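This report refers to the structure that appears directly beneath it.
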Amino acid sequence: MNLKKWIYIVIFLVIFYYAFVANFFITISIIASLYVAFKIYKFYAKRKLNKLTSSKDLFKKSELGLFIALVAKVAKADGRVHELEAQLIGMMFDDISKIFKEKEKARAIMKEIFNEEKQISNDTKQIAQELNKLLGRSILKRKQFVTFLIQLAFIDGGISEEEERVLKKIITELNLSLNIYDEIVIKFENMMKNKQQTMSSKEAYEILGVKPSDDMETIKKAYRKLIREYHPDIISSQNKDESYMEEATAKTQQINQAYQIIKDEKK
C-alpha cells in the first residue's frame with residue numbers, strides 16, 4: 001500500500017473519530033453536565049421555596065403569596081366568598097402545600113394571607129404589578145394564573161360585574177391583552193351553555209357515579225371526591241400546556257352541573 005493510501009486512511013480515521021467517537025463523548029459529557037446543573041438548580045429552588053414558610057411576610061412577597069392575594073380579591077369581589085369558591089380555594093391550598101416540607105405551616109400561612117387580603121379592596125393593582133415583576137417574561141404562567149382566577153369567578157354560576165372589573169384590572173397589570181380575557185371567558189361560557197343544554201338527570205347521576213335512590217349525603221361525598229380528583233391544579237399546570245387548565249375546568253364544571261341538577265331534583 002503506497003503512502004498516499006495510508007494518508008487517506010489516516011485522514012478518514014481522524015475524521016471518523018472526531019465526527020463520531022469524540023463527539024459522542026462530548027455530547028454525553030454535555031448531557032451529564034446539564035443534568036447535574038438541573039439537579040443543583042432544583043435543589044436550590046426547593047431550598048429557596050421552603051424558606052418561605054419561615055416568615056409570613058416573606059411568603060406574602062413571593063409569587064405564590066401574591067397570587068393567593070389576587071385569588072382573595074376575585075373571590076370577595078362580589079361581596080362574599082361563595083361555598084363553591086371556598087371549596088376550590090381550599091383544594092388550591094392543599095395542592096400548593098404539598099410542595100413544602102412543612103405542609104401544615106404553609107397551608108396556615110396561605111389561609112392567613114387569603115383572609116387578610118379579602119378584607120382589603122384597594123390594593124389589587126399594586127399586588128398585580130408586583131406579581132408581574134416576579135413572573136418575568138413568562139406569558140404561559142400569566143395565562144395559567146388568569147385562567148384559574150376566571151375559573152374561580154365562574155364556579156358559582158358566572159362572572160359578576162364586580163368580578164369582571166377586578167379580573168380586567170389584574171389582566172391589564174399582568175401585561176396581558178384584554179382579548180385573552182375575552183377568549184377565556186367565551187370558552188367558559190360556551191362550555192357552560194353546552195353542558196346546560198345537553199345534560200339530563202340520568203347523565204348527572206352517571207357523571208357522579210351515584211343512583212337516584214342514594215341520599216344527599218352519599219351524593220355529596222361522591223361529588224366532593226370527584227371535584228378533588230379533577231379540579232384545576234395550579235401547581236400541576238406549571239408543567240403542562242394551556243389545554244390542561246381548560247380540560248380540568250371543563251370537567252369541574254361538568255361535575256358541578258351534575259351536582260346542581262341532582263340537588264334541584266332532590267328538593
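The values are calculated or read from the model by the stated rules, or taken from the named source; none is laboratory data. Since the structure is predicted, the reported quantities are computational estimates derived from the model, not experimental observations. When we count neighbours, we look across all protein chains shown, and the Cβ atoms used for this are built from the backbone with ideal geometry, even at glycine. Surface accessibility is based on the protein's heavy atoms, side chains included, excluding ligands, DNA and RNA. Shrake-Rupley method; radii C 1.70, N 1.55, O 1.52, S 1.80 Å.
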Requested in this report: Write down the accessible area per residue of region 58-188 in Å², having rolled a 1.4 Å probe over the full set of protein chains.
Outcome: 46
Query raised in the report: trypsin sites (Lys or Arg not before Pro) within region 72-144: which are DSSP loop residues with at most 16 other Cβ atoms inside 10 Å?
Result: Arg80, Lys98, Lys101, Arg137
Query raised in the report: Expressed as a whole percentage, what fraction of the accessible surface of region 58-188 belongs to carbon and sulfur atoms when a 1.4 Å probe is rolled over the protein heavy atoms?
Result: 49
Query raised in the report: Tally Lys and Arg at +1 and Asp and Glu at -1 over the other residues with C-beta under 13 Å from the C-beta of Gln126: what net charge comes out?
Result: +2
Query raised in the report: If you build the Cα gyration tensor of region 51-102 and take the root of 5 times each eigenvalue, what three semi-axes come out, in whole angstrom, biggest first?
Result: 22, 14, 7
Report summary line: Counting only protein heavy atoms and leaving out ligands, DNA and RNA, the solvent-accessible surface of Asp214 at a 1.4 Å probe, in Å² to the nearest 10, equals 30
**Report entry** Stretchable slack from Glu63 to Leu178, in nm (0.36 nm times residue separation minus alpha-carbon distance)
**Finding:** 39.2 nm
Query raised in the report: What are the principal axis extents of the Cα atoms in region 133-189, in Å, biggest first?
Result: 33, 19, 17
**Report entry** Relative counts (whole %) of C-alpha pair distances in region 74-233, using bins that are 5 Å wide
**Finding:** 1, 7, 14, 17, 21, 16, 10, 7, 4, 1, 0
Query raised in the report: Ordering Val81, Val185 from largest to smallest accessible area (1.4 angstrom probe), what's the sequence?
Result: Val81, Val185
Report summary line: Under a 1.4 Å probe, counting only protein heavy atoms, Asp57 has an accessible area in Å², nearest 10, of 100
Report summary line: Once phi for every residue in region 72-81 is put through the Karplus expression 6.51 cos²θ - 1.76 cosθ + 1.60 (θ = phi - 60°), the whole-Hz ³J(HN,Hα) values, with Gly and Pro written as x, are 4, 5, 5, 4, 9, 4, 9, x, 8, 8
Report summary line: Expected field for Tyr223, accessible surface area in Å² at 1.4 Å probe radius, rounded to 10, holds 10
